[in-house]
Amino acid sequence: MKLFLDTANYPQIKELSQTAIIDGVTTNPSLMAKEGIEGKENWIKHYTAICALAVGPVSAEVIALDYKGMLEEAYELASLHKNIVVKIPMTKNGIKVIYELATKGIKTNCTLIFTAAQALLAAKAGATYVSPFIGRLEDINEDGLGLIKSIRSIYDQFHFETQILAASIRNQNHIVRCAELGADVVTAPYSILVKMFDHPLTTKGLEQFLADHKRLNG
Ligand code: G3P
């Protein structure tokens with residue numbers, strides 16, 4: 001299973017790119033805004049800089065909502081680097097754009113997936129990835145993990161090659177459960193990924209090992 005970093009923060013991407021634990025990066029317009037990256041020129045520079053870190057696939061989202069505008073943005077983003085995956089929202093126009101890009105061999109990530117029906121349409125259109133938003137479903141008391149299970153079952157039954165990229169991750173348990181349920185990729189924020197290294201008993205055990213060693217060896 002692959003782990004992606006869900007951020008547009010360059011230092012965080014750079015740091016984790018050197019640990020070999022991340023296989024890719026996902027961004028969205030909110031994450032770009034959080035980093036204060038303003039204007040098309042700066043967006044392009046930022047995506048190019050992230051791709052230069054050789055972190056694997058980098059999802060970059062279109063802003064337009066009309067078919068022609070989305071397609072133009074998608075071609076421009078895809079031309080920046082071979083690792084760019086064009087992120088397209090789950091709308092009727094979005095699905096048409098995904099289908100068109102698939103025929104050209106351009107990789108896509110269909111975002112804002114909240115139902116298995118939406119995931120089915122994205123797979124039929126030829127999306128490379130679908131992004132079901134686990135946390136946002138749980139925020140409204142719906143079953144985010146159940147959605148992963150349902151999409152997995154449909155994709156396996158009909159041999160769809162679209163990869164399930166579980167997103168809107170709120171804790172480590174989400175990552176582990178998504179792995180158990182067969183998500184191909186989980187994208188998580190830096191704050192959650194780095195917690196995966198830790199357990200209080202690991203810290204305590206290490207302190208004990210070093211204290212015992214010191215007692216005998218000085
Ligand atoms: O990749 C999508 C993700 O960034 C959404 O997460 O925390 O805004 O629900 P969140």
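Brief remarks on what is shown
- Cα point-scatterer Debye curve for the chain, base-10 log of I(q)/I(0) at q = 0.10, 0.15, 0.18 Å⁻¹: -0.46, -0.94, -1.31
- Overall, segment 2-217 carries a charge dipole of about 220 debye about its Cα centre when +1 sits on the Cβ of Lys and Arg and -1 on the Cβ of Asp and Glu, all other atoms neutral.
- Where only DSSP H runs of four or more residues are counted, the chain gives -15500 deg cm²/dmol as its mean residue ellipticity at 222 nm, each run worth -39500 (n - 2.57).
- Local electrostatic count, Gln12, Cβ distance below 11 Å [Lys/Arg +1, Asp/Glu -1]: -2
- In the chain, the longest principal axis of the Cα atoms and the axis of helix 200-217 are about 30 degrees apart.
- Cross-link partners of Lys34 among lysines (Cα-Cα below 29 Å; sequence separation of 8 or more within a chain): Lys2, Lys14, Lys45, Lys68, Lys82, Lys87, Lys92, Lys107, Lys195
- Residue of Ala116, Ala33, Ala127 that the Gaussian network model of the chain assigns the largest fluctuation, springs spanning Cα pairs under 10 Å: Ala33
Each reported figure results from applying straightforward, stated rules to the coordinates on display, with no laboratory input. All figures in this text were calculated on a predicted structure; none of them were measured in a lab. Here Cβ is always computed from backbone atoms with ideal geometry, including for glycine, and neighbour counts include all displayed protein chains.
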